[in-house]
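Each reported figure results from applying straightforward, stated rules to the coordinates on display, with no laboratory input. For clarity, every value in this text was computed on a predicted model and none was experimentally measured. Here Cβ is always computed from backbone atoms with ideal geometry, including for glycine, and neighbour counts include all displayed protein chains.
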Amino acid sequence: MLTGHKLKTLQELIASSSKEELAWINGYLTGLVSNGQLIEDANGYSVNTVPKITKKISLVYGTETGNAKKLTTSLAAVAKKKGINPKIISLDQYKLNDLEKEEYFFVVISTQGEGEPPNGAKKFYDYIHERELKLPNLKYSVLALGDTSYPLYCKTGEDVDAKFQEFGAQRVVEMQRCDVDYEQDAHTWFGKVLSLIEESTTVVPQVQPPPEPTKKATGKKYYQGIVSTNINLNDRGSEKQTFHIEITAEEKIDYLPGDALAIIPENKKWIVETIIKLTGIDRDLILQTSKKSARVEELLTRHLNICYLLSSAVKKYATITEQEIPDTRMDLVDLVRIYPVKNATQFAEIIKILPAIAPRLYSISSAPAAHDNEIHLTVGRHSFQAKNEERFGLCSEFLGELPVGTSVSFYIHKNRSFKLPADDKDIIMIGPGTGIAPFRAFLAQRDATGAPGKNWFFFGEQHFISDFLYQVELQNFVQTGVLNRLDLAFSRDQEQKLYVQHRMMQNATELYNWLDNGAHLYISGTKDPMSKDVENTLLQIISEKGNKTAEEARLFLEKMSDENRYEKDVY
């Protein structure tokens with residue numbers, strides 16, 4: 001109960017406040033007392049207390065023998081139990097340009113031989129020694145691993161610490177040197193790191209204005225980005241090519257895990273050049289199509305579909321050129337070679353009837369909570385047979401060949417039926433091959449936000465050695481507890497082919513128990529035959545382990561779908 005000057009102050013505040021202001025004060029105080037529960041006042045304003053401010057925390061390691069990696073994942077698991085979710089990454093995979101964007105940066109690094117950095121950290125080590133960086137906003141500490149039998153046993157860690165000091169970074173915990181028996185000293189150092197982060201994380205009441213009325217979108221929002229990474233995830237000897245592509249944008253990209261990126265590919269320049277040469281058309285001639293007015297060269301390169309034309313387009317070509325052409329599908333370059341146009345004017349008419357290049361959609365494999373202003377794709381190079389000749393998908397080949405530094409334009413395709421559930425819900429993900437893409441996003445998001453729900457992932461490919469996509473990341477997720485279960489199926493590593501549905505059957509009892517207890521199940525990847533085989537296996541498991549008839553199993557799966565607990569993203 002208030003007395004004295006506190007009561008008098010409150011009475012004066014009440015007397016001088018309007019009805020609307022009193023309503024706001026009431027909501028504000030209620031929000032503080034409710035310890036974080038969202039309260040809406042009479043004006044629609046929301047008040048809540050945020051127990052923790054999310055900070056950007058990176059825990060990086062450089063290792064030669066694996067000790068630094070093992071230790072780092074162990075430390076990260078301790079942090080997660082305290083509700084702190086650092087981003088873990090090996091220094092050989094760390095994007096050096098991100099260093100100036102970091103807020104909290106903690107380095108676990110070993111020293112080799114005569115004070116040399118481990119091979120996995122050499123790129124990072126050379127970078128900070130060859131650049132003049134400015135890092136005034138960086139808060140850091142170094143855990144240096146070494147062996148006291150060598151005179152320069154922690155020199156790499158000392159060098160990193162000295163460079164960060166030189167760059168103006170703030171050392172928030174003193175560097176810790178560790179001998180080969182490093183466990184106790186390492187955990188003591190990390191305890192200081194965690195205490196520092198917890199102390200700097202305050203409880204802040206936030207008042208949020210009511211949301212503005214939703215405005216109907218007037219068109220697609222296009223983003224401009226730069227390709228910052230483009231690597232083949234498959235190792236030597238693989239029959240496949242799977243590209244991991246990272247695109248960096250200057251503005252924040254509005255997307256959620258489960259969404260897709262839409263991009264319009266370009267036709268190959270040598271094909272366009274061949275068509276222009278065969279037809280004799282002026283490349284700089286301005287033509288108006290149904291959707292675009294541009295130079296011929298630009299139309300054929302960026303806007304019009306010239307690959308594997310539908311039979312309807314071939315028929316229109318035959319009509320314009322007054323030739324008998326069989327009912328078939330054919331590339332434009334083959335058409336003009338086999339069935340030449342009479343002149344450039346005739347070909348100009350053909351350009352006007354060509355369909356536009358359709359956008360291609362790719363599941364996004366990054367998460368907004370984990371990848372600042374970046375968007376990642378996992379693209380398999382698609383091949384098919386046409387007239388006994390191997391050909392490649394226009395967009396997958398286009399993306400796979402994009403060099404780093406290329407500017408690209410894209411938009412986000414929202415997938416409202418393939419989304420993560422509430423943080424406390426358990427999820428089962430089945431995604432062989434490039435079906436892993438949205439699940440990499442799911443796991444990264446849950447890792448970054450500290451979601452308590454359990455995660456189980458079934459992944460399959462041809463060979464463990466050459467085709468285990470994102471192997472290191474998945475193993476890190478297992479070691480840090482983000483992935484509670486990881487079941488793998490590599491179909492060609494044994495005489496009898498092994499697929500994800502076989503792993504599902506091997507774990508049928510536990511799989512059914514997860515479903516029966518409310519877990520959400522997701523399937524991503526090829527529609528035929530993978531998704532159909534997986535669904536048939538699901539029905540079999542539900543029937544056998546749930547003691548249900550085939551019809552009851554089907555109804556069980558339908559009910560899951562109605563509850564948005566069974567979702568597919570297949571192609």
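Among Thr279, Ile350, Thr156, which residue has its Cα positioned farthest towards the positive end of the charge dipole of the chain, with +1 placed on the Cβ of Lys and Arg, -1 on the Cβ of Asp and Glu, and the dipole taken about the Cα centre?
Working it through, the farthest residue towards the positive pole turns out to be Ile350.
Which angle between 0 and 90 degrees, to the nearest 10, do you get for helix 183-199 versus the longest principal axis of the chain when only C-alpha atoms count?
Compared with the principal axis, the helix lies near 90 degrees.
Any idea what the dipole of the chain comes to, in debye rounded to 20, about its Cα centre with Lys/Arg Cβ at +1 and Asp/Glu Cβ at -1? List each step's numbers first, then the result.
On the way: 68 positive and 77 negative charges, 281 e Å.
It works out to roughly 1340 debye.
Taking every DSSP beta bridge that has both residues in the chain, what percent is antiparallel when rounded to the nearest 5?
50
Placing +1 on the Cβ of each Lys and Arg and -1 on the Cβ of each Asp and Glu in the chain, which of Thr480, Thr319, Ile247 has its Cα farthest towards the positive end of the resulting dipole?
With unit charges placed on the Cβ atoms, the residue in question is Thr319.
For Val404 and Glu558, what does the FRET efficiency come to when R0 = 41 Å and r is the distance between their Cβ atoms, rounded to the nearest 0.05?
On the way: r = 47 Å, r/R0 = 1.14.
The value I calculate is 0.30.
Taking other Cβ within 10 Å of each residue's Cβ, how do Asp447, Asp331 sort, fewest first? Please list the in-between numbers first.
Numbers: Asp447 26, Asp331 17.
Taking fewest neighbouring Cβ atoms as first place, the list is Asp331, Asp447.
Rounded to the nearest 20 Debye, what is the dipole magnitude of the stretch 427-570 about its Cα centre when Lys and Arg each give +1 and Asp and Glu each give -1 at the C-beta? Mind dumping the intermediate values first?
Numbers: 15 positive and 20 negative charges, 31 e Å.
The calculation lands at about 140 debye.
Assuming 0.36 nm per residue, please report the length gained on full extension of the stretch Lys81 to Asn536 beyond their Cα-Cα distance.
Values: separation 455, 0.36 × 455 = 163.80 nm, distance 3.82 nm.
Here the segment from Lys81 to Asn536 would lengthen by 160.0 nm.
For Rg/Rh (Cα atoms, Kirkwood Rh), one of (i) 1.18; (ii) 1.04; (iii) 1.07 was computed from the structure I shared and the rest are decoys. Which label?
Read-out from the structure maps to (ii).
By how many degrees, between 0 and 90 and to the nearest 10, does the Cα long axis of helix 19-33 differ from the longest principal axis of the chain?
With rounding to tens, the tilt is 80 degrees.
Among the aspartates and glutamates, select those whose C-alpha is under 14 Å from the C-alpha of Lys532, and discard any that sit fewer than 8 residues away in the same chain.
By straight Cα distance, Lys532 reaches Glu567, Asp569.
What order, most packed first, do the peptides 359-372, 81-94 have when packing is the mean number of other Cβ atoms within 10 Å of each residue?
Details: 359-372: 21.4, 81-94: 18.1.
Ranking the peptides 359-372, 81-94 by packing returns 359-372, 81-94.
Would you kindly derive the ³J(HN,Hα) couplings of the stretch 488-503 from the backbone phi angles with the Karplus curve 6.51 cos²θ - 1.76 cosθ + 1.60 (θ = phi - 60°), listing them in order in whole Hz, with x for Gly and Pro?
10, 9, 10, 5, 9, 8, 8, 4, 8, 4, 10, 10, 4, 5, 5, 5
Is the shape of the stretch 398-522 best called rounded, prolate or oblate, per the rule: a/c under 1.5 gives rounded, else a/b larger than b/c gives prolate, else oblate, with a ≥ b ≥ c the square roots of the Cα gyration tensor eigenvalues?
oblate
Return the calculated 222 nm mean residue ellipticity for the chain, to the nearest 500 deg cm²/dmol, obtained by summing -39500 (n - 2.57) across DSSP H runs with n ≥ 4 and dividing by the residue count.
-10500 deg cm²/dmol
In which sequence would Ser149, Ser238, Ser58, Ser417 go, from the one with the fewest C-beta neighbours within 10 Å to the one with the most?
Working: Ser149 8, Ser238 16, Ser58 19, Ser417 11.
The fewest-first ordering by Cβ neighbours comes to Ser149, Ser417, Ser238, Ser58.
Gln165 to Lys425: FRET efficiency via 1/(1 + (r/R0)^6), r the Cβ-Cβ distance, R0 35 Å, to the nearest 0.05? Working shown, then result.
Working: r = 45 Å, r/R0 = 1.30.
Here the calculated transfer efficiency is 0.15.
Which aspartates and glutamates, if any, have their Cα less than 18 Å from the Cα of Lys134, not counting same-chain residues under 8 positions apart?
Asp98, Glu100, Glu102, Glu103, Asp126, Asp159, Asp161, Glu166
How many angstrom lie between the C-alpha centres of the stretch 499-571 and the stretch 441-493?
Taking the Cα centre of each part, the stretch 499-571 and the stretch 441-493 sit 19 Å apart.
If you take every DSSP beta bridge whose two residues both sit in the stretch 57-199, what share of them, in percent to the nearest 5, is antiparallel? Don't skip to the end; give the middle numbers.
Details: 1 of 23 bridges.
Expressed as a percentage, antiparallel bridges in the stretch 57-199 total about 5.
Return the whole-Å distance between the Cα centroid of the stretch 217-290 and the Cα centroid of the stretch 68-86.
38
Can you tell me which lysines have their Cα less than 22 Å from the Cα of Lys292? Leave out same-chain residues fewer than eight positions away.
Lys220, Lys221, Lys268, Lys269, Lys316, Lys352
Would you mind ranking Met429, Met175 so that the residue whose beta carbon has the fewest other beta carbons within 10 Å leads the list? Spell out each step's value before the answer.
Numbers: Met429 22, Met175 19.
Ascending Cβ contact count within 10 Å gives the list Met175, Met429.
Return the FRET efficiency for the residue pair Ala550, Ile325: r is the Cβ-Cβ distance, R0 is 41 Å, and the value is rounded to the nearest 0.05.
Values: r = 50 Å, r/R0 = 1.22.
Result of the calculation: an efficiency of 0.25.
Starting from 0.36 nm per residue, how many nanometres of slack lie between Lys101 and Lys122 once their C-alpha separation is accounted for? Mind showing how you got there, number by number?
Details: separation 21, 0.36 × 21 = 7.56 nm, distance 2.07 nm.
Contour length minus the Cα-Cα distance gives 5.5 nm.
Treating the beta-carbon of each Lys and Arg as +1 and of each Asp and Glu as -1, no other charges, what is the dipole magnitude of the stretch 269-353 about its Cα centre, to the nearest 20 debye?
On the way: 13 positive and 11 negative charges, 51 e Å.
With only Lys, Arg, Asp and Glu charged at Cβ, the dipole is about 240 debye.
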